[in-house]
Amino acid sequence: MSQIETAADEAVTLTSELIRIDTTNTGDPATLVGERVAAEYVAEKLTEAGYEISYVESGGKNRHNVIARLPGADSSRGALLVHGHLDVVPADPAEWSVHPFSGAVQDGYVWGRGAVDMKDMVGMTLALARHYKREGVVPPRDMVFAFLADEEAGGKFGAQWLVEHRPELFEGVTEAVSEVGGFSVTFKDDVRAYLIETAEKGIRWMKLRARGTAGHGSMIHRDNAVTKLSEAVARLGSHRFPLVLTDSVREFLAGVTELTGWDFPEDDIEGAVAKLGNISRMIGATLRDTANPTMLTAGYKSNVIPSVAEAAVDCRILPGRLEAFNRELTEILGPDIEQEWLELPPVETTFDGALVDAMTAAVVAEDPGARMLPYMLSAGTDAKSFQSLGIRNFGFAPLKLPADLDFSALFHGVDERVPVDALKFGVRVLDRFFRAA
């Protein structure tokens, strides 16, 4: 067995073992588990291989980050950051075929919460980092490996905290790769493309609040906070923001047309995008802004009218649309609805340059005939924090996937899993990429 195949096998083991470590991030300090145990695991694996690590506690209980640097042949070049988050979203075991924290390796998959978001990439990166140190591999430039907390709640105790308080850990970094890119999509006639993330929508996690007059539930009330909030939330949830084709979306659709011959006429763009199959939801969500109500909170007893009602809304905003989005939001909600929010900016770069060439060469070497396509992610990653340091960001966690696997549905979904063969493929691609980037 070759050394890289040994590293690929280890990536499967590492991914499984990382999944078994519960790092649930609810976003609520009272209920989250935290990343400490997983960070200790990663720190031990890196130290064992010979790295000097930075083990950083970031101000919250059990919120920990691990950073290590591997010197390259030319340290005067800009360094490459490879980052992944250790936290995962909650999972209800009653809904799953296997326990979400089992890390089970069965039926050709590694199963569990975090299998694709994103302990698979963490496992691949950790396996290669260990392999390079043990075998004395010197990459062409410095590499910074970062294993981070709190991505699922915006990075307050992870990437955001490190950028604000420990920017020296990323000194010299000019480019970065991380999650939700590099995965394959099979179009008609077995035409396979790998989607590289070059853009992300902005995030606004918003709380809406309505106030009214408290009172007895049996009385007539014309100033009911629950009624006011419900009406506003219904208007917002039913609203369709205008269709906007950004440059990155146009480039993606043009690439699909070149590969398949499919047309994407602007007068029926959403109908045409539906032809993309399993990824149509992901691509469709990048055609317009979205504002989805997710939680409602009001009252403490069924016969008491509360004075305050609150709602949570998940907003995702296209690059360049913030001012227009705010105007529409004000018109929809009206003057009586209070707003407060956490906002993270969009990310956008061009699909060109030596790093893109290295990604392409690495994938094609393992999957001849494959094509690379840039795309915009409808969600967000820690790239939003790292771009504030002037770092150029891409999503590149390569996986060669079965044509019938609904990959986008696995993110935050039930029965999250990653193919074992895809993990091993990813290690081989990343190895080629890291040695050439």
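The values are calculated or read from the model by the stated rules, or taken from the named source; none is laboratory data. Source: prediction; values computed, not measured. Cβ coordinates were reconstructed from backbone atoms using ideal geometry, including for glycine residues, and neighbour counts include every protein chain displayed.
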Only one residue in Glu340, Glu348 is over 21 Å from Ala149 (Cα atoms) and surrounded by fewer than 16 Cβ atoms within 10 Å (Cβ to Cβ), so which one is that? Glu340
Among (1) in a helix (DSSP H, G or I); (2) more than 24 Å from Asp189 (Cβ to Cβ); (3) within 18 Å of the chain's Cα centre (by Cα), the one test that Phe394 misses: (1)
The stretch 16-30 residues that are assigned by TED's automatic domain parsing to the domain that holds Asp107 and crowded, with 16+ Cβ neighbours inside 10 Å, paired with ones that are of a type in the set (Asp, Glu) and not in a loop (DSSP other than H, G, I, E, B) (beta carbon under 7 Å, 6 or more apart): Asn25/Glu152
Would you mind finding the one in Asp352, Asp357 that is more than 30 Å from Thr227 (Cβ to Cβ), acidic (Asp, Glu) and in a loop (DSSP other than H, G, I, E, B)? Asp352
Odd one out for Ala39, checked against (1) over 25 Å from Asp117 (Cβ atoms); (2) in contact with a His (Cβ under 7 Å, 6 or more places away or on another chain); (3) of a type in the set (A, V, I, L, M, F, W, C): (1)
For the stretch 312-349, which residues satisfy the criterion of being assigned to a strand (DSSP E or B) and over 24 Å from the mean Cα position of the chain (by Cα)? Glu338, Gln339
Determine which single condition Lys228 fails, assuming it passes every other condition in (1) over 30 Å from Phe386 (Cα atoms); (2) touching a Leu at 6+ places or on another chain (Cβ under 8 Å). (2)
Listed by first then second residue, the pairs whose first member lies in the stretch 169-196 and is without any contact (Cβ under 8 Å) to a residue 40 or more places away in the chain, whose partner is part of a loop (DSSP other than H, G, I, E, B) and small (Gly, Ala, Ser), with beta carbons under 6 Å and at least 6 positions apart or on separate chains, are none
Among helices (runs of 4 or more DSSP H) completely within the stretch 213-295, the ones holding 2 or more residues that are among the small types (Gly, Ala, Ser) and crowded, with 19+ Cβ neighbours inside 10 Å are 225-238
Do you know which residues across the stretch 144-164 are surrounded by fewer than 24 Cβ atoms within 10 Å (Cβ to Cβ), touching a helix residue (DSSP H, G or I) at 6+ places or on another chain (Cβ under 8 Å) and in a loop (DSSP other than H, G, I, E, B)? Gly154
Restricting attention to the stretch 94-110, does a residue exist that is on the phi > 0 side of the Ramachandran plot and touching a residue at least 40 places away in the same chain (Cβ under 8 Å)? yes
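Which residues, counting only those in the stretch 97-112, are part of a loop (DSSP other than H, G, I, E, B) and more than 17 Å from Ile21 (Cα to Cα)?
Ser97, Asp107, Gly108 - these are the residues of the stretch 97-112 that are part of a loop (DSSP other than H, G, I, E, B) and more than 17 Å from Ile21 (Cα to Cα).
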Name the residues in the stretch 296-311 that are within 26 Å of the chain's Cα centre (by Cα) and either within 20 Å of Leu259 (Cβ to Cβ) or buried (at least 16 other Cβ atoms within 10 Å of the Cβ) (or both), would you? Ala311
Of everything in the stretch 51-100, what is among the β-branched types (Val, Ile, Thr) and under 24 Å from the mean Cα position of the chain (by Cα)? Give them in sequence order. Val56, Val66, Ile67, Val82, Val88, Val89, Val98
Out of all the residues in the stretch 315-330, is one or more in contact (Cβ under 8 Å) with a residue 12 or more places away in the chain, under 24 Å from His221 (Cα atoms) and of a type in the set (Gly, Ala, Ser)? no
In the stretch 38-86, which strands (runs of 3 or more DSSP E) lie fully inside it and hold 2 or more residues that are closer than 14 Å to Gly172 by Cα? 64-70, 79-85
Have a look at Lys201, Lys207 and point out the one that is farther than 23 Å from Val347 by Cβ and charged (D, E, K, R). Lys207
